[in-house]
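The values are calculated or read from the model by the stated rules, or taken from the named source; none is laboratory data. All figures in this text were calculated on a predicted structure; none of them were measured in a lab. Neighbour counts run over all protein chains shown; Cβ positions are idealised from the backbone, glycine included. Areas reflect the complete protein model, heavy atoms only, side chains present, ligands, DNA and RNA absent. Shrake-Rupley method; radii C 1.70, N 1.55, O 1.52, S 1.80 Å.
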Amino acid sequence: MLVTATELKSRLGQYLDIAETDPVIVKKSGRVKSVLISNATYEKLLAYEDAYWASKAKIAESEGYLGNEGSEALLDRN
């Protein structure tokens, strides 16, 4: 759903309810400024991001990345 910032301000409660099931895209001065989403959707996005970076870390370790402690130990030896 696409609304203007003025419309959002005048009917915030209604759009909060809509955002529970569908994103509410907010335009201001003719440009998209924000997207209103439910907290459940936000938490899900954070979990996806955490899983993504965890998988990247595992790949890096399997390719030889030493990690923080290993890197610090190597630097301390020099």
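Quick notes
- Cβ-Cβ under 6 Å pairs, at least 6 apart or on other chains, segment 1-21 side within 17 Å of residue 32 (Cα to Cα), far side open to solvent by 100 Å² or more (accessible area, probe 1.4 Å): 5/28
- Test: residue in segment 12-21 that is at pLDDT below 95, loosely packed, with under 11 Cβ neighbours inside 10 Å and out of contact with any Asp or Glu (no Cβ under 8 Å at 6 or more places or on another chain): no
- Count of segment 34-51 residues, restricted to those that are under 14 Å from residue 15 (Cβ atoms) and out of contact with any Phe, Trp or Tyr (no Cβ under 8 Å at 6 or more places or on another chain), is 4.
- Within segment 49-78, considering residues that are open to solvent by less than 60 Å² (accessible area, probe 1.4 Å) and among the polar types (S, T, N, Q), the one modelled with the highest pLDDT: 55
- The number of residues in segment 24-39 that are open to solvent by 70 Å² or more (accessible area, probe 1.4 Å) and out of contact with any Lys or Arg (no Cβ under 9 Å at 6 or more places or on another chain) comes to 6.
- 2 or more residues not aliphatic (A, V, I, L, M): qualifying strands (runs of 3 or more DSSP E) within the chain: 24-28, 31-36
- Filter result (under 30 Å from residue 65 (Cβ atoms) and of a type in the set (Lys, Arg)) within segment 1-55: 44
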